[in-house]
Every structure is written in C-alpha cells, then in structure tokens.
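Working notes, structure below.
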Amino acid sequence: MIVSTLEHILTNISLSIILVSILIKIYLRIFFVDENIKLSNSSEKCIFITFLCITGLLATHWISSGHFPLSDLSESLLFLSWSFALINSLSYLKKNTKLLSTIISPIDFCIQAFATSGLFTEIKKSSILVPALQSEWLIMHVSMMIVGYAALICGSLLSVALMVITFRKNENILQMNYIFSAKNFYKIQLSKELDYWSYRVISLGFIFLTIGILSGALWANEAWGSYWSWDPKETWAFITWIVFSIYLHTRRNRTFEGATSAIVASIGFFIIWICYFGVNLIGLGLHTYGSFSRT
C-alpha cells in the first residue's frame, strides 16, 4: 500500500515538473526572453529532478513487483520514459544542448503519461514472469534495446526538425525572398547544430541497439535453441538496424550531410515505432509477452 502510494506520488510529481519545464521553454521561445537566465536554469533543473523522480518510480515498481520493470509493455514504456529523461539529463550537464532538451521533454511527457495511464490497468497487475523472461539476460537485452530506441528516436526527431528548416529555407529561395540576414544566418547555424547532435545521438543509439540485438540473439539461443528465428520483433529490429546503418554510412559522406541523410533518419523514426510499438499491438510471434494482452 505504501509503495503503491509512493509510485502514485512520484508519477504525479515527475509529470508536473516536466510539464512546468515545457511551459517555461514555450514561454522563453514565444517572448524571446532567452536572456532570462533564472527561468532558463529553472527549466534545466526541472529536467534533472524529473530524471530522479522517474528513477525512484522504477525502483519502487521493482520493489512492488519483485522483478526488474521490463517484463511487459507498460513497464517498458516507463523504462523508455526513463531513458528519455536520462538523455535529457546528460544534455543538462552539457553546454549548448537546449535543442536536445526542447525535443526530448515533450515526448518524454507523452510517453510517461501514456505508460502511467489507465490503459494498462490489467497489465500492471504483478504476476510471476513467464519462463522465457526468468533469465539474467532480461536486464541486459531489453534495457539496451530500449535505451537504443530512445536515443534513435531523439536523433531522428532532430533530423525531422532539420528537414523542416531546410524545406522552409528552400521555399524562401524559390520565392526569391531569401536574403542573407541575421535571421537566415541563425537558420544556417541551427541546421548545422541539428545535424551535429542528430548524428551523435543516433550514433550512440546505434551502439546500444547493436548490443541489444547481439545479447538478444544469445538469450534466444539459451531460451529457444536458436540465435535467430525471424520473429516479427526480430525482423523489425533488424530492419531498424539496417536503416540507421545506412544513415551513418551516408552521413559520413560529406556529399550527403544535412538534409539528405536526415531523410533516412526520418524514415528510421517511423520504423522504430513499428518495431517497438506496432509489433506489440499485433501480439504475434515469440515476443507476445510484450503485447497488450499478457499471456
């Protein structure tokens, strides 16, 4: 009862704080008051506090359920929210990463709100893990995959933002209204920054995804006697890996820097959600314990 109450309190606190952070950022953007250092610092501190609250929420859920919170869709969504908060907190420790924080905060809020909503009332009920999940590989494989998904989603969103800016800039050129001014110079610098951080965050996510897939293959051999069985989840994870390996390959070629490689990353954004969420909606294959209807 106490643990359940604590979970509820931490959920409300983390959602409230991250919402406050988003509202502060919106205020700073609308009224162009970035020079307001106190408000800006308050927003960044909210990010770190949110990370601590979600960490506490995962810990209390671990205690109440008796297993690491990665056994079903609701728990993995909560861990995905924690992964976004982790990346957001790392950006808080870095300088000139306001773009990353601006991208991550809204999606972190939506994911956490969805994970803690009443849609997962039945799934949230603690139960004994299915035999396939009673393995030491659970934490290694699933955590690596979800952190990888979080980083790839963040990097892809930065690429989407880059494409939007590039499209609008090209539109201005076609309208013959494009003049080299302070505003356009800012857009160029913003595009470079988006491309820079997109590449680095996606590179990090790709490493985690690769580790997740390899550890998953080892776990599959231990649990099912085969390293790879072309399960829907495995297939889409492989497709995700291929798409982002293409992105990293094209991005290293200076000819394809910027909008061209961003197109590949933008495609990858949708592929990730199909792999992570779409496959779970269907509930087919060997990963059915991650679907809405736990078996």
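The values are calculated or read from the model by the stated rules, or taken from the named source; none is laboratory data. Computed from a predicted structure; not experimentally measured. With ideal geometry, Cβ positions are generated from the backbone for all residues, glycine too; neighbour counts draw on all protein chains shown. Accessible surface is based on the protein model in full, side chains and every heavy atom, while ligands, DNA and RNA are left aside. Shrake-Rupley method; radii C 1.70, N 1.55, O 1.52, S 1.80 Å.
Kindly check whether there is at least one residue in segment 272-286 that is more than 19 Å from Ala150 (Cβ to Cβ) and assigned to a helix (DSSP H, G or I).
Yes - at least one qualifying residue is present in segment 272-286.
Among the residues of segment 161-181, is any open to solvent by less than 30 Å² (accessible area, probe 1.4 Å), modelled with pLDDT under 80 and not small (Gly, Ala, Ser)?
Looking through segment 161-181, at least one residue is open to solvent by less than 30 Å² (accessible area, probe 1.4 Å), modelled with pLDDT under 80 and not small (Gly, Ala, Ser).
Restricting to segment 239-252, count the residues that are assigned to a loop (DSSP other than H, G, I, E, B) and in contact with a helix residue (DSSP H, G or I) (Cβ under 8 Å, 6 or more places away or on another chain).
0
Report, by residue number, each residue of segment 212-238 that is open to solvent by 60 Å² or more (accessible area, probe 1.4 Å) and either touching a Lys or Arg at 6+ places or on another chain (Cβ under 9 Å) or in a helix (DSSP H, G or I) (or both).
Selection gives Leu214, Leu218, Glu222, Trp224, Trp236, Phe238.
Show the residue pairs that are 6+ apart or on different chains and have beta-carbon atoms under 6 Å apart, the first residue being within segment 217-238 and over 20 Å from Gly148 (Cα atoms), the second being among the aromatic types (Phe, Trp, Tyr) and open to solvent by 60 Å² or more (accessible area, probe 1.4 Å).
Once the first residue is over 20 Å from Gly148 (Cα atoms) and sits in segment 217-238, its partners that are among the aromatic types (Phe, Trp, Tyr) and open to solvent by 60 Å² or more (accessible area, probe 1.4 Å) give Asn221/Tyr227.
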